Every structure is written in structure tokens, then in C-alpha cells.
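Worksheet: the structure to be examined is printed underneath.
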Amino acid sequence: MSLAETKAAPSREIRKRPLVVMQSVSKVFSSGTIALSGMSLTVESGEFISLLGPSGCGKSTALRIIAGLGGATSGKIDWPSSRINSKGLPEGDIGFVFQEPTLMPWKTVFGNVFLPLKLRGVSKAEAKDRIMEVLATVGLQDFADAYPRELSGGMKMRVSIARALVTNPKLLLMDEPFAALDEITRQKLNDDVLRLWKTTGITVIFVTHSVFESAYLSNRIVVMKARPGRVHADFPLTTSLERDSHYRTSEEYRLACETASRSLIEAIGGAEEH
Ligand SMILES: Nc1ncnc2c1ncn2[C@@H]1O[C@H](COP(=O)(O)OP(=O)(O)O)[C@@H](O)[C@H]1O
Ligand SMILES: [Mg+2]
């Protein structure tokens with residue numbers, strides 16, 4: 001039985017309403033590298049999509065273009081259900097979590113999470129309740145006054161997630177956020193992100209090169225291929241099981257990993273060398 005045939009409800013309702021549409025997006029850097037070529041992807045509101053692919057296949061480039069952090073050479077990004085601001089980005093915000101937590105070492109946890117609100121002209125007093133609320137969501141309510149150097153790698157990443165969520169974005173973009181963490185911390189953070197996804201209704205695009213992580217987290221996996229970067233495969237991943245420690249040892253999870261792994265191997269096998 002293939003995954004697509006697995007008859008089961010997703011763990012959370014996905015509305016069939018496109019949030020963001022990448023239309024034949026290409027990106028050529030000035031060095032001549034074709035990072036993306038004709039990449040198209042429709043992301044529905046409420047999805048949890050993993051972008052899975054080998055290093056150098058354009059995952060970060062795709063995410064940055066969606067976030068408006070880098071322009072496309074050709075093609076376009078549409079936001080069908082959002083009002084667009086003067087920068088061509090959707091109102092309601094995008095949260096971005098990078099592989100490194102990128103915290104300001106001279107600011108406390110509170111100060112780091114305050115930054116996006118401060119940039120929007122919100123005063124510290126006005127921001128306080130929201131900051132404490134979002135810190136509680138990531139389990140750091142008791143660490144508001146701590147400095148980044150006092151935190152573990154996993155806690156720093158939680159601060160980075162809290163900072164991305166503080167403005168209540170509709171879309172959360174995560175670029176290999178847990179790649180540098182140990183396995184147990186990574187699993188804990190995977191569970192935290194899933195809980196956030198279920199409770200907030202946020203749409204997530206999660207970049208990873210880990211088959212296991214993509215199969216654990218997503219309701220859809222988009223496998224990318226390198227040189228030039230493009231979509232190799234795009235498949236849904238539904239399960240009736242809660243994504244928890246039981247799911248990790250289930251036959252459904254094993255099947256999901258196998259499907260994703262096979263697709264990734266095909267994608268890598270088809271890539272040409274430089
Ligand atoms: N700023 C840049 N200038 C030139 N080439 C770049 C730049 N950023 C990425 N690239 C190249 O574009 C390709 C895709 O990179 P990237 O999107 O970072 O891939 P991934 O995130 O999948 O590892 C790679 O060949 C990379 O070397
Ligand atoms: Mg990358």
C-alpha cells in the first residue's frame with residue numbers, strides 16, 4: 001500500500017485555500033549558478049510542508065524568495081488570500097527561523113524576542129504580555145531575563161522560534177532549524193513545533209535534508225533535485241496516528257520514511273556533477 005492510499009484523516013484540518021503560490025520561479029546568481037529553475041509550488045493554508053533535498057539543491061534560496069529576502073530572476077510569488085503591502089509581501093507577516101539561532105548576545109531572551117515588535121514601533125510595555133505568552137509557548141517563561149550564553153543550544157533555538165512567532169505570522173519558514181542539535185533535543189523540538197502547528201493554525205514550510213524529520217513532521221513532502229534546483233516529487237503524508245513516540249515506531253512512519261528516502265535517492269541519483 002502506498003502512502004497516498006493510506007486512508008486516514010490528517011491530524012489537523014487543512015483548508016484548500018492557497019496561501020502562497022510559487023509560479024515557475026528561477027534564480028540565477030551573479031556567479032552564474034542556477035540555484036532554481038522553473039520551481040512551482042502551491043502551499044495551502046494550514047499545511048506543514050517539508051522541503052527535502054540534498055545540500056545545494058536550492059532549498060534556502062526558495063525559502064528566502066518566499067520570504068522576500070531575495071528576488072527571483074524570473075517567475076513570481078503570489079499570495080492569493082492575503083493583502084499585499086508595498087514590498088510585495090503579505091500583511092500578517094512571515095516568521096523565519098534560520099539554522100543558527102542568530103540571537104543578539106548582549107540582549108536578554110526578552111530583548112531578543114522583543115526585537116520584531118520593537119521594529120514595528122511597539123513599546124516594551126505594550127509588548128510585554130505578548131512576549132511572555134510566546135515564551136510560555138516554547139517553555140521559556142522562566143528564562144526571560146537570561147542571556148543567550150546561559151542557554152543550551154536547544155533553548156537558544158526555542159528563543160529563535162519565539163522571536164519568529166511573536167508577531168503572530170500566518171506563515172512560518174524554517175531553514176534546517178535543528179540540524180546542529182543532538183538527536184534527543186531535535187526530537188523534543190520537533191514535538192514542540194508540531195504542537196505549535198496544531199494549536200495555532202499556522203502554515204509551516206520546513207527545510208530539512210533529514211528523511212526522518214520530514215516524515216515525522218509533515219503532511220506533505222516536496223523533494224527537490226539539484227543543478228538546477230527544482231521539484232522532483234511532491235506527495236501527501238496522512239496518518240491517523242498522533243505524531244508522538246508511538247508514531248516513531250509505527251509501520252506508517254516506517255513506510256513514510258521509506259517513500260521519502262526512495263524519492264530522495266532518486267533525486268540525488270539524477271543530479272549532475274558540477
Ligand atoms: N548568494 C549566493 N551567491 C552565489 N551562489 C549561491 C548563493 N547562495 C546560494 N548559492 C548557490 O545556489 C545553489 C543553491 O543553494 P542553496 O539554496 O543554499 O541550497 P540548499 O539550501 O538546498 O543547500 C548552490 O549551488 C549554492 O552554492
Ligand atoms: Mg540551505
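Looking at (1) touching a helix residue (DSSP H, G or I) at 6+ places or on another chain (Cβ under 7 Å); (2) aliphatic (A, V, I, L, M); (3) within 16 Å of ligand 2 (Cβ to nearest atom), which one does residue 63 not meet, given that it meets all the others? Looking at each condition in turn, residue 63 falls short on (1). Of the residues that make up region 228-239, is at least one out of contact with any strand residue (DSSP E or B) (no Cβ under 7 Å at 6 or more places or on another chain), more than 18 Å from residue 58 (Cα to Cα) and at pLDDT below 95? Yes, because at least one residue in region 228-239 is out of contact with any strand residue (DSSP E or B) (no Cβ under 7 Å at 6 or more places or on another chain), more than 18 Å from residue 58 (Cα to Cα) and at pLDDT below 95. The listed residues are 31, 40, 11, and the only one of them that is of a type in the set (Ser, Thr, Tyr), at pLDDT 90 or above and assigned to a loop (DSSP other than H, G, I, E, B) turns out to be 31.
For the structure I just gave you, tell me whether residue 260 is within 28 Å of residue 75 (Cβ to Cβ), of a type in the set (A, V, I, L, M, F, W, C) and at pLDDT below 95. Taking the combined requirement at face value, the residue does not satisfy it. Screening residue 216 with (1) within 22 Å of residue 61 (Cα to Cα); (2) away from ligand 2 (no atom under 16 Å from the Cβ); (3) of a type outside the set (Val, Ile, Thr) gives one miss only, at (1). Could you tell me whether region 221-228 includes any residue that is at negative phi and away from ligand 1 (no atom under 16 Å from the Cβ)? So far as region 221-228 goes, no, none of its residues is at negative phi and away from ligand 1 (no atom under 16 Å from the Cβ). Can you tell me which residue in region 14-28 is farthest from ligand 1 (Cβ to nearest atom), limited to those that are in a strand (DSSP E or B), under 26 Å from residue 193 (Cα atoms) and open to solvent by 10 Å² or more (accessible area, probe 1.4 Å)? The extreme case among them is 18. Tell me, please, whether a residue that is of a type outside the set (S, T, N, Q), within 16 Å of ligand 2 (Cβ to nearest atom) and either within 17 Å of residue 174 (Cβ to Cβ) or open to solvent by 40 Å² or more (accessible area, probe 1.4 Å) (or both) can be found in region 84-96. There is at least one residue in region 84-96 that is of a type outside the set (S, T, N, Q), within 16 Å of ligand 2 (Cβ to nearest atom) and either within 17 Å of residue 174 (Cβ to Cβ) or open to solvent by 40 Å² or more (accessible area, probe 1.4 Å) (or both).
Taken as a whole, the condition of being basic (Lys, Arg), under 29 Å from residue 42 (Cβ atoms) and modelled with pLDDT of 95 or more does not apply to residue 130.
Filter region 129-145 down to residues that are surrounded by 11 or more Cβ atoms within 10 Å (Cβ to Cβ) and in contact (Cβ under 8 Å) with a residue 12 or more places away in the chain, then give me how many there are.
11
The values are calculated or read from the model by the stated rules, or taken from the named source; none is laboratory data. Predicted model, so just to flag it, every value in this text is computed and none were measured. Glycine also receives a Cβ, built like all others from the backbone with ideal geometry; neighbour counts cover every protein chain displayed. Calculation scope for accessible area: heavy atoms of the full protein, side chains included, ligands and nucleic acids excluded. Shrake-Rupley method; radii C 1.70, N 1.55, O 1.52, S 1.80 Å.
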